Every structure is written in structure tokens, then in C-alpha cells.
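Each remark here refers to the structure printed beneath this line.
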Amino acid sequence: MPDFTINGEKHRVDAPADMPLLWMLRDILGMTGTKFGCGIAQCGACTVHLDGVAVRSCQLPIGLVGDRAITTIEGVGATPAGAKIQKAWIDLEVIQCGYCQPGQVMSAVALLAGNPTPDDEAIDAAMAGNICRCGTYVRIREGIKHAARS
């Protein structure tokens, strides 16, 4: 198994190639910020970045990661877009229960990194795969707009 670069640090993991990335992060490396939600890549709670692209880690076998850099919620604040999103989330108190928020933040960061001034349509499209049972969608949209203006 190759080394994995996670949040800028190299990690060597002895695990089967078909193990989902989420299990490697949470169960082997103890990085529990990334959440297990539905387990079928439909809710977005497990969202991480591979080379800056938002992906669902619950359905991504580690054997397919290759040498792409993995960024998790533990490391995304070190990126410019991540710092803006995290500050906006705090400033606007976006979070309610918080369970889905790591995935929401990761999708929002990927959006802002590629589109620094998204309109409502772009926000809705980028965030459509992230489900929030508390219904904080309006606050999430405002958080993204707040981060874009900062």
C-alpha cells in the first residue's frame, strides 16, 4: 500500500485496498472529524477532498486514492477557502447539531476554491449532495456568501 498524504503529512497504512477511505481515516488513523452518515455516498457527511475535489470517503476504496493529496475537516482550515468558511460558520452560527457540518464545510470549501463568488444557483448545485437533518440550508447558504465576501 502506498503512503497517503493527509493534511500535508505522510501516513503509511497497512490496510486492504478495498477498505473505504472513511474507515482508514476514522478507525486506523483516529481522524474522527469526518463522519459516517448513510454509507452509500448520498448524504455527504463523509466528504473529504482529493487534490481539492470533494469526494465521498465512505464509498472510495483506498486503493483508488493513489498519490492524490487527502484533505479532511481537521486540515481544511489551513487553506484560504477553508479558513474563510470556518470563520463564516462561527460568525453566523451556521451549525445546529453539527453532525453533517464537516461534510458541509468540505463541500463549501471546494465550491469557494473553484468559484470565489458563487451565486445561489451555484451554491445550491454544489451543496445538493449534503443533507442536513436540522434544515440549516439557509444558514449554510448565508455562510458561503459571507465567506465569499470576506
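The values are calculated or read from the model by the stated rules, or taken from the named source; none is laboratory data. Everything numeric here is computed off the predicted structure, so don't read it as measured data. Virtual Cβ from ideal backbone geometry, glycine too; neighbours counted across all protein chains shown. All accessible areas refer to the heavy atoms of the entire protein, side chains included, with ligands and DNA or RNA removed. Shrake-Rupley method; radii C 1.70, N 1.55, O 1.52, S 1.80 Å.
Can you tell me how the range 1-40 classifies by the Cα gyration tensor, rounded, prolate or oblate, using a/c under 1.5 as the rounded cut? Oblate is the answer for the range 1-40, as a/c is 1.5 or above yet b/c matches or exceeds a/b. Over all alpha-carbon pairs in the chain, figure out the percentage whose distance exceeds 23 Å. Counting pairs separated by more than 23 Å, the tail of P(r) holds 31 percent. With θ taken as phi - 60° and the Karplus curve 6.51 cos²θ - 1.76 cosθ + 1.60 applied, the whole-hertz 3J(HN,Hα) list for the range 132-146 is 10, 5, 7, x, 7, 4, 5, 5, 4, 4, 5, x, 5, 5, 4 Hz, x standing for glycine and proline. The Rg/Rh ratio for the range 68-144, using Cα coordinates for both the radius of gyration and the Kirkwood hydrodynamic radius, is 0.92. In this structure Asp119 has an accessible area near 90 Å², from a 1.4 Å probe over the protein heavy atoms. In whole angstrom, note down how far apart the Cα centers of the range 106-150 and the range 1-34 are. Between the Cα centre of the range 106-150 and that of the range 1-34, the gap is 27 Å. Among Ile144, Ile90, Ile95, the order of accessible area from largest down is Ile90, Ile95, Ile144, computed with a 1.4 Å probe on protein heavy atoms. Each label point was placed 7 Å from the Cα along the Cα-to-Cβ direction; for Asp91 and Glu142 their separation is 1.3 nm.
The listed residues Trp23, Trp89, once ranked by accessible area (1.4 Å probe) with the largest placed first, stand as Trp23, Trp89. Relative contact order of the chain, taken over Cα pairs closer than 8 Å and 6 or more residues apart, is 24 percent. Helix 101-114 and the longest principal axis of the C-alpha atoms of the chain enclose an angle of approximately 80°. Accessible area of Lys145 (1.4 Å probe, protein heavy atoms only, ligands and nucleic acids ignored): about 50 Å². Does anyone have the angle between helix 80-91 and the longest principal axis of the chain? Alpha-carbon axes, 0 to 90°, nearest 10? Computed tilt is about 60 degrees.
Bridging of Lys87 to lysines at a Cα separation below 17 Å is possible for Lys145, once same-chain residues fewer than 8 apart are set aside. Packing here is the average count of other Cβ atoms within 10 Å per residue, and on that basis the peptides 103-109, 36-42, 56-62, highest first, run 103-109, 56-62, 36-42.
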